[in-house]
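Report on the following structure.
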Protein chains: 2
Amino acid sequence: MEQRLKDNRERILKAARKLVAQGGFRAASVSAVSKAAGLSTGAIYRYFPSKSALMVEILTHAVSHEVDVLREITARADSSTDKLAAAVRSFGTRALEGRNLAYAFIAEPTDPEVEAARIVGREDFGDVFKDLLHEGIDRGEFPAQSVDVTAACIVGAFTEALVRPVAPTTLPEAAEPDLVEKIVVFCVAAVRRA
Amino acid sequence: MEQRLKDNRERILKAARKLVAQGGFRAASVSAVSKAAGLSTGAIYRYFPSKSALMVEILTHAVSHEVDVLREITARADSSTDKLAAAVRSFGTRALEGRNLAYAFIAEPTDPEVEAARIVGREDFGDVFKDLLHEGIDRGEFPAQSVDVTAACIVGAFTEALVRPVAPTTLPEAAEPDLVEKIVVFCVAAVRRA
DNA sequence: TCTATTTGTGAACGGCGATTCATTATTTTG
DNA sequence: CAAAATAATGAATCGCCGTTCACAAATAGA
């Protein structure tokens, strides 16, 4: 049945995503993925030409989805300040829900092919913030500033503040209350007077 | 001669540091280190119980040195705002001088032992900023805020803005002019909540 | 049903990096 | 200057990983 083939492909993607979410790319070896998907290692290669291709697909898919969410959310707010706050809040909240996955996609180094895909995703991401900053500067809501540097600082601030601390273990960890809101305040203050 | 033993140990550390600075931990294999140090792979194990131990020593040594520099620099400024600016500026400038080394120490994932050392160093680092923030809040220079979150955001902001972009290759890359100053402005504005 | 094609298996392969260890060179000591 | 101790060597070992492939099972088409 051709349906089963679709299902298998989906199961592989899902299993790989789960493993990356739990332990980063390092935990997603082909044998681990195949085991989690209930298939043999060889079977993986009937669905993906290489491990890198599998990882790239996971990454680009997740990133483009997140970028869509971000664009939609910013479109809803009126002022640039609100847009910025909403974007940081949304991204922060969503990243918190899947910390290790976010870490893997944002920061964890891997082989060159995946790295290239990461760079592209990172740029798509940064573009959302850059557009938003440009608009705010044009409107006079934000003072003139280097949007590239500011965008990098914003991404870095919440990456560090809520994604990084998890790197080694898989602790659920009671997050500091209002963590995301605090980061929002930090970023908004920085942008409005940077 | 016992002096030669000291020298060998030092040469190993130096060679390893250089390799990490050039290509991250990934480039610092035992055989590469031994070659660079002019010794055999086996010899490394007369001086260090494992590769991890060698890397941990490099990391903790470098971090404690950087923390010293930071403490000294902040001690020289008067206002908390100046201390903060000086700390961010100094750390940023120094990190830029050795981007890959900074990247490896701040962000590149490795084995659990090195990771543990990194976390400790990261905390020592954060403490400098936290002390500084507490003082500024007490003096009324900064509004009340979560020093933990703010410190993380600051470290993240410049990590992302000047260390990360280097991750894959060893490009010298003309850095954006005044990059460090822009980051300083960003961080100061964020902390002062202006 | 029987054959042809597609899908799945998992042991085997090749590469790489950390670690060990029998052996050799060097230094110390009596 | 021998003999014992110490240091250095680097090929071999081990473990892990991605990938392949000869074969087995399942499915499709006649």
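Observations on the structure shown:
- Residue that is nearest to the other protein chains (Cβ to nearest Cβ) [pool: residues in the range A:112-124 that are under 23 Å from residue B:27 (Cβ atoms) and either open to solvent by less than 50 Å² (accessible area, probe 1.4 Å) or among the small types (Gly, Ala, Ser) (or both)]: A:115
- Per this entry, residue A:40 is not counted among residues that are out of contact with any helix residue (DSSP H, G or I) (no Cβ under 7 Å at 6 or more places or on another chain) and polar (S, T, N, Q).
- Candidates A:62, A:43, A:86: the one that is of a type outside the set (S, T, N, Q) and not assigned by TED's automatic domain parsing to the domain that holds residue A:185 is A:43.
- In the range A:6-26, residue farthest from the other protein chains (Cβ to nearest Cβ) [restricted to those that are open to solvent by less than 30 Å² (accessible area, probe 1.4 Å) and within 11 Å of DNA strand C (Cβ to nearest atom)]: A:8
- Subset of the range A:92-109 (residues that are modelled with pLDDT of 85 or more, open to solvent by 20 Å² or more (accessible area, probe 1.4 Å) and of a type outside the set (Lys, Arg)): A:93
- In the range B:71-104, the residues that are in a helix (DSSP H, G or I), in contact (Cβ under 8 Å) with a residue 40 or more places away in the chain and over 11 Å from the mean Cα position of the chain (by Cα): B:71, B:74, B:80, B:81, B:83, B:84, B:85, B:87, B:88, B:89, B:93
- Set B:52, B:29: member being more than 14 Å from every other protein chain (Cβ to nearest Cβ), within 13 Å of DNA strand C (Cβ to nearest atom) and not aliphatic (A, V, I, L, M): B:29
- The one condition in (1) outside the structural domain of residue B:131 (by TED's automatic domain parsing); (2) away from DNA strand C (no atom under 16 Å from the Cβ) that residue B:38 fails to fulfil: (2)
- Set A:72, A:10: member being away from DNA strand D (no atom under 16 Å from the Cβ) and not assigned by TED's automatic domain parsing to the domain that holds residue A:126: A:10
- Of all residues in the range A:127-148 being within 14 Å of chain B (Cβ to nearest Cβ) and open to solvent by less than 10 Å² (accessible area, probe 1.4 Å), the one that is farthest from residue A:73 (Cα to Cα): A:142
- A single entry from B:63, B:33 fulfils the requirement of being within 20 Å of residue B:156 (Cβ to Cβ), touching a helix residue (DSSP H, G or I) at 6+ places or on another chain (Cβ under 7 Å) and not basic (Lys, Arg): B:63.
- Given (1) β-branched (Val, Ile, Thr); (2) within 28 Å of residue A:108 (Cα to Cα); (3) under 12 Å from the mean Cα position of the chain (by Cα), index of the condition residue B:33 fails: (3)
- Residue within the range B:59-68 that is in a helix (DSSP H, G or I), away from DNA strand C (no atom under 16 Å from the Cβ) and more than 16 Å from residue B:106 (Cα to Cα) present: yes
- Selected residue (criterion: nearest to residue B:116 (Cα to Cα)) from residues of the range B:35-65 that are in contact with a Ser or Thr (Cβ under 9 Å, 6 or more places away or on another chain) and within 14 Å of DNA strand D (Cβ to nearest atom): B:51
- Inside the range B:1-17, residues that are at pLDDT below 95, of a type outside the set (Asp, Glu) and either under 21 Å from residue B:96 (Cα atoms) or assigned to a helix (DSSP H, G or I) (or both) make up a count of 4.
- Selection status of residue B:57, within 23 Å of the chain's Cα centre (by Cα) and open to solvent by 30 Å² or more (accessible area, probe 1.4 Å): yes
The values are calculated or read from the model by the stated rules, or taken from the named source; none is laboratory data. Everything numeric here is computed off the predicted structure, so don't read it as measured data. Here the Cβ is made from the backbone with ideal geometry for all residues, glycine too, and neighbour counts use every protein chain on show. Accessible surface areas use protein heavy atoms only, side chains included; no ligands, DNA or RNA. Shrake-Rupley method; radii C 1.70, N 1.55, O 1.52, S 1.80 Å.
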